[in-house]
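Everything below concerns the one structure shown next.
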Amino acid sequence: MNDIKQLFIFICFLCSSIKANEMNSDKITQAYRAFDQGNIQQAVQLLEEQAKEGNSYNALYAMYYLGHLYWIGQYVAEDSAKGMAWFEKAANAGSLEALEYLAQTYRSGSGVDKDIDKAIYYYEKLVEFDVEHHRSAKANIELSSLYLKQEKGELAIRALKRIDSVKGVSYWNEALINLAKIYEKGLAGVSKNEKEAFRYYKLNYDWSLYLNNGYKSFPQYTFKLAEMYEKGTGTPKDIAQAKNFYQLTIENIINDDNNPEWSDILTQSHKALERLK
């Protein structure tokens, strides 16, 4: 709980450093000044007044900020119930920050009883409200993991397929790999599908190559493609491509300073190249 509080104090410090003209709100600006001057009651009153002014960004921000103040006890007496009430109010009004916070909190059980169903509820709401896709990609990754734990494989797939390759670019490779593994292993009630598994492993490789101007993906995934080409798993058997991806695996490991984590697949790749001569 102390680590969470320290994190929130840091977040609130960052928030308080935002310039007044960027917030475009006299009441929030006045609240910051009142906090700085030690006029805590006045500052809280100003935030509460701002919070009542509809569903504007400034109103949502005020709700969210009030939640943090009471939750961590910054400037005011710690009151987790009041803090949670403000978070929930902000979330219900469409605050992406509050939705993400509540989802993470219920998933981890930090300061509340752990509740996976509530975590899923708030992650799904976050995806629904995040029309700009600023936070929904990460939320969908988290949702897929939670759905897999609940043996709801099709819902996990749905969440991963919602991630946009452009707006969710930071999580796109992770989504592709997770989809490949679900289909390859037939996780959480999903039927095994070797063709789909190969397709997503290959998409991951191609996307990494495209994004990073020659980056060849992690060794375990080039090795996976090599095996699939050699055995004809999910794709027509292609020894030339198998040799190519075994060689890429070796190069990746060498370029990673022969990381001992990859020693087993390095040995297997060398043996495969000898076998396929």
Inset, instruction - In debye, nearest 20, what is the charge dipole magnitude of region 34-125 about its Cα centre with +1 on Lys and Arg Cβ and -1 on Asp and Glu Cβ, if you could check? - result: 120 debye
Inset, instruction - Check cross-link reach from Lys231 to the aspartates and glutamates: straight Cα distance under 12 Å, and skip same-chain residues fewer than eight apart. - result: Glu194
Inset, instruction - Mind pulling the angle between the C-alpha long axis of helix 96-108 and the longest principal axis of the chain? Nearest 10 degrees, somewhere in 0 to 90. - result: 70 degrees
Legend entry - Size of charge dipole - the chain - debye, nearest 20, with Cβ of Lys, Arg +1 and Asp, Glu -1, no other charges: 900 debye
Legend entry - Relative contact order of region 145-187, defined on C-alpha pairs under 8 angstrom at six or more residues apart (%): 36 percent
Inset, instruction - Working from Cα positions, state the angle (0 to 90°, nearest 10) between the long axis of helix 263-275 and the longest principal axis of the chain. - result: 30 degrees
Legend entry - Accessible surface, per residue, of the chain when the full set of protein chains is kept, probe 1.4 Å, Å²: 52 Å²
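What does the helix-only formula give at 222 nm for the chain: each DSSP H stretch with n ≥ 4 adding -39500 (n - 2.57), the total divided by the residues, and the result rounded to the nearest 500 deg cm²/dmol? All intermediate terms of the calculation are to be shown ahead of the outcome.
Numbers: 15 runs with 199 residues, N = 277.
Calculated from helices alone, the mean residue ellipticity at 222 nm is -23000 deg cm²/dmol.
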Inset, instruction - Please give the peptides 155-161, 193-199 ranked by average Cβ packing (other Cβ atoms within 10 Å per residue), highest first, as a rough proxy for protection. - result: 155-161, 193-199
Inset, instruction - Could you check how much of the accessible area of region 220-277 is carbon and sulfur, as a whole percent, using a 1.4 Å probe? - result: 48 percent
Inset, instruction - Please report, as a whole percent, how much of the solvent-accessible surface of region 72-193 comes from carbon and sulfur atoms (probe radius 1.4 Å). - result: 47 percent
Legend entry - Rounded if a/c under 1.5, otherwise prolate or oblate - region 164-267, Cα gyration tensor axes: oblate
Inset, instruction - Using only the Cα atoms of region 48-164, build the gyration tensor, take square roots of its eigenvalues as a ≥ b ≥ c, and label the shape rounded, prolate or oblate: rounded if a/c is under 1.5, else prolate if a/b is larger than b/c, else oblate. - result: oblate
Legend entry - 0 to 90° range, to nearest 10: angle between helix 169-185 axis and the chain longest Cα axis: 50 degrees
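The values are calculated or read from the model by the stated rules, or taken from the named source; none is laboratory data. As the structure is a prediction and not an experimental result, all values here were calculated from the model. Every residue, glycine among them, receives a Cβ derived from its backbone with ideal geometry; neighbour counts consider all protein chains shown. For the accessible areas, the whole protein counts, side chains as well, though only heavy atoms, and no ligand, DNA or RNA atoms are used. Shrake-Rupley method; radii C 1.70, N 1.55, O 1.52, S 1.80 Å.
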